[in-house]
Every structure is written in structure tokens, then in C-alpha cells.
Amino acid sequence: MSKLVVIDHPLVQHKMAMLRDKELGTKDFRELVNEITMFLGYEVTRDLPMKEVEIETPLVKSKQNVIAGKKLAIAPILRAGLGMVDGMLLLMPAAKVGHIGMFRDEETLQPQEYFFKMPQDIEEREVIVVDPMLATGGSVIMAIDSLVKRNVKPENIKFVCLVAAPEGVKALQDAYPEVDIFTGALDEKLNEDGYILPGLGDAGDRLFGTL
Ligand code: PRP
Ligand code: URA
């Protein structure tokens, strides 16, 4: 079974509380999404492989550990996932970025894919899928289906979100038990319209000012 990591560091909880506030404007919402993403990215990269190198301090020669140079890709689910890309790239500047365009039909809540463009060697990379909201789980499951069709192994995929509903966590774990989930908060439940409670509203609309 995959790991569910709720990153409840005090700084994340503080910033999440600010992010949920309906009075927060677009500019501050965007900035906070990026800041929180950096904290989540710090956790998601915790098990990156390391290698030993010899360096020379001003005093002595010393063996130290550096990142072994794993090939990474960030895969935002459009639109809202775009808001998390810069935060991830600050931590992993050499990562490639692939885009997955997806929207939920408001009546059926079923996701529809409208765009898919990945780095050419995507099957050789560890892929970090990002989307602020895990609600029913339909969008991320369809995004991972598309990656798997392009020969990415589920065990090489991680999913990072800001807010997760228990319903979405269960659906994703049932569909892809190999995919670890990292979230800034595990909320209570979905409402009858498929929105997360307490949640933060429509993440895409709040990021891009299309409310
Ligand atoms: C939101 C969100 C996720 C999806 C989550 O996107 O960013 O992609 O809903 O819901 P699910 O887990 O039930 O699939 P939306 O469809 O509103 O598109 P947008 O990002 O373009 O606003
Ligand atoms: N998508 C969002 O943007 N917010 C929710 O609460 C659920 C899905």
C-alpha cells in the first residue's frame, strides 16, 4: 500500500489556514501555493538517492554526500497544477516539466483529458504529479492512467497536493497502491457537488482569478 504523508509542519498549517481564507486575493493565493509547494517538495524528495564525493574544505579533505542525479519530471494537472510548478522547480531546477490538461465535468464529476505532453524519455524518469486538490480522485487517476500508457511505472510516480479528501485518497490508493501521496492537509469530506470541505474552493479559479 502506498504511503499517505500529511505534511503538518507548523509553517504548512499556518500557510494553509491563510490559503483557505476566502478573502485572500489572487496574488497572495499564488504566492502561498508556491511557498507551501516548496515545503511539500522538501518531503517528496527525502528519499532521493545520494552518492559520496570527496571535497576539500578550507581545512581538510572530506567525504560528503550529494544527490546522485536522478532524472525527474514534474507533471502538473492543468490548470491548477500549474500553480505548483515554480515551487517544485526551485527545489529541482533541472527537472523536466510535462503537462496534463484535465477538467472535471461539473455534472458528472468525471474528468476529461484535453492535453498531454511529456518529455520524450518520460518512462526513464521519476514523475511527480502535482495538483492542489485531490477530491474524488478521478483527475489524478486518469492522469496516471495516461502516464502508465506511456510506459511510466506506477512505482516511479508520486502525487503531491495541497488538500486531500479521504474519498480521493481511498480511490487513488485502490487504483494505484504503488503511488505515494503527499498532502498539506487531509480534510473532512466532499460535499454533494464534489467540493472538498472545509477545502479552499475552486483552486484553478482562485489561482487565475476566473471566479
Ligand atoms: C480541479 C482540481 C483537480 C480536480 C480534482 O480541477 O485542480 O484537477 O478538480 O477533482 P477530482 O479529484 O474530483 O478529479 P478542475 O477540473 O476544476 O479544473 P481546473 O484546474 O482547470 O480549474
Ligand atoms: N476542485 C477544486 O478546485 N476544489 C475542490 O474542492 C474540489 C475539486
Selection from the stretch 139-167 of residues that are under 29 Å from LYS70 (Cα atoms), within 13 Å of ligand 1 (Cβ to nearest atom) and open to solvent by less than 30 Å² (accessible area, probe 1.4 Å): SER139, VAL140, ALA143, ILE144, PHE159, VAL160, CYS161, LEU162, VAL163, ALA164
Candidates ALA95, ALA165, ALA171 - the one that is out of contact with any Pro (no Cβ under 6 Å at 6 or more places or on another chain) and closer than 24 Å to ARG46 by Cβ: ALA95
Count of residues meeting criterion [aliphatic (A, V, I, L, M) and either open to solvent by 90 Å² or more (accessible area, probe 1.4 Å) or in contact with a strand residue (DSSP E or B) (Cβ under 6 Å, 6 or more places away or on another chain) (or both)] in the stretch 30-43: 2
The stretch 90-105, residues that are under 15 Å from the mean Cα position of the chain (by Cα) and either over 30 Å from LYS15 (Cβ atoms) or open to solvent by less than 30 Å² (accessible area, probe 1.4 Å) (or both): MET92, ALA95, GLY98, ILE100, GLY101, MET102
Total residues in the stretch 7-20, condition open to solvent by 80 Å² or more (accessible area, probe 1.4 Å) and over 15 Å from ASP187 (Cβ atoms): 5
Number of positions in the stretch 179-211 that are over 20 Å from THR108 (Cα atoms), open to solvent by 40 Å² or more (accessible area, probe 1.4 Å) and touching a Lys or Arg at 6+ places or on another chain (Cβ under 8 Å): 2
For GLU23: the one exception among (1) open to solvent by 90 Å² or more (accessible area, probe 1.4 Å); (2) under 15 Å from VAL160 (Cβ atoms): (2)
Among residues of the stretch 163-203, those that are at negative phi and out of contact with any strand residue (DSSP E or B) (no Cβ under 8 Å at 6 or more places or on another chain), counted: 10
Qualifying positions in the stretch 44-71 - in contact (Cβ under 8 Å) with a residue 40 or more places away in the chain and either in contact with a Leu (Cβ under 7 Å, 6 or more places away or on another chain) or surrounded by fewer than 18 Cβ atoms within 10 Å (Cβ to Cβ) (or both): THR45, LYS70, LYS71
Tally of residues being out of contact with any helix residue (DSSP H, G or I) (no Cβ under 6 Å at 6 or more places or on another chain) and aromatic (Phe, Trp, Tyr) across the stretch 160-188: 0
Whichever residue in the stretch 1-44 is polar (S, T, N, Q) and modelled with pLDDT of 95 or more and, among such residues, is farthest from PHE182 (Cα to Cα): THR26
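The values are calculated or read from the model by the stated rules, or taken from the named source; none is laboratory data. All of these numbers come straight from a predicted model, not from anything done at the bench. Using ideal geometry, Cβ is built from the backbone for each residue, glycine included, and neighbour counts are taken over all protein chains shown. Side chains included, ligands, DNA and RNA excluded: accessible areas come from the protein's heavy atoms. Shrake-Rupley method; radii C 1.70, N 1.55, O 1.52, S 1.80 Å.
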